[in-house]
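A short write-up of the structure that comes next.
Bear in mind that the values in this text are calculations on the coordinates, not laboratory data. Model, not experiment: these values are computed from the prediction. Quick reminder, even Gly has a Cβ in these numbers, built from the backbone with ideal geometry, and neighbours come from all protein chains shown.
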Amino acid sequence: AQTVTQSQPEMSVQEAETVTLSCTYDTSESNYYLFWYKQPPSRQMILVIRQEAYKQQNATENRFSVNFQKAAKSFSLKISDSQLGDTAMYFCAPPFADMRFGAGTRLTVKP
Amino acid sequence: DTEVTQTPKHLVMGMTNKKSLKCEQHMGHRAMYWYKQKAKKPPELMFVYSYEKLSINESVPSRFSPECPNSSLLNLHLHALQPEDSALYLCASSQERGASTEAFFGQGTRLTVV
């Protein structure tokens with residue numbers, strides 16, 4: 001079975017600090033992609049960052065980066081210099097799981 | 001155009017009503033998805049269409065009936081719903097099922113069953 005686990009239901013961080021959200025997964029595939037999505041309160045779900053499993057280098061998009069550990073099947077999201085606008089639900093949802101979402105992490109950025 | 005458009009944005013319906021939700025994309029995507037999302041919960045996958053054929057039905061009750069009349073359009077027909085069916089219904093599309101590209105999401109339809 002291909003599953004996705006997010007074990008942190010809620011997290012909070014002070015503005016300008018760094019926070020890491022975790023995601024572990026299980027798949028029998030060798031080449032795949034991983035995605036983090038963000039759903040702000042009452043707003044649309046959008047892609048935050050993607051990682052290609054065959055690439056050793058961790059993906060980075062501005063303040064967002066991933067720590068991808070293929071052998072451990074771990075795909076964590078690091079948000080640096082947190083901003084109030086980062087307050088949202090964050091979901092790990094890889095295509096190999098037919099876009100089934102993890103449980104999500106509710107992140108609150110505090111001023 | 002990277003939009004997935006869902007209509008209506010809000011819907012209130014009685015338990016004996018029949019209504020439909022609509023989802024449209026013009027990105028040439030061949031996979032489309034319906035989700036149900038309760039407050040403070042993750043979206044729950046309901047249906048997946050691939051090349052206009054139903055690929056996945058997550059044991060959804062028959063009062064929800066999906067339809068994919070063409071590659072750009074996805075409908076969800078609702079009939080005899082229950083109050084517990086009140087939720088945000090999200091539509092998404094991706095280039096192909098299980099592919100490397102991300103999914104694009106609509107803003108959702110907020111459904112209230114009275």
Spin-label zone in the range B:91-106 - amide nitrogen under 18 Å from a point set 7 Å from the Cα of A:N31 along the C-beta vector: B:95-102
Inter-label distance for B:K40 and B:S100, nm, one decimal - labels placed 7 Å from Cα along Cα-to-Cβ: 4.0
Lysines with Cα under 27 Å of A:K55, excluding same-chain neighbours fewer than 8 positions away: A:K38, A:K70, A:K73, A:K78
Cβ-Cβ FRET estimate between A:L84 and B:H77, R0 fixed at 41 Å, reported to 0.05: 0.55
Under the Karplus curve 6.51 cos²θ - 1.76 cosθ + 1.60, θ = phi - 60°, whole-Hz ³J(HN,Hα) for the range A:62-72, x wherever Gly or Pro sits: 6, 7, 9, 9, 10, 10, 9, 10, 5, 5, 7
Per-residue average of Cβ from other chains inside 10 Å of A:93-104: 6
Label point distance in nm, A:E10-A:Q56, each placed 7 Å from Cα along Cα→Cβ: 4.2
Restricting the range B:12-64 to trypsin sites (Lys or Arg not before Pro) in coil, as DSSP defines it, with at most 11 other Cβ within 10 Å: B:K40
Residue mean of other protein chain beta carbons inside 10 Å, B:104-111: 3
Qualifying trypsin sites (Lys or Arg not before Pro) for the range A:1-50 [loop in DSSP, other Cβ within 10 Å: at most 15]: A:R43
Rounded FRET efficiency, nearest 0.05, which uses the C-beta distance separating B:M27 from A:S74 and R0 of 25 Å: 0.20
Percent RCO, i.e. relative contact order, over chain B, from Cα pairs under 8 Å lying at least 6 residues apart: 37
The range A:1-85 - percent relative contact order, Cα under 8 Å, separation 6 or more: 33
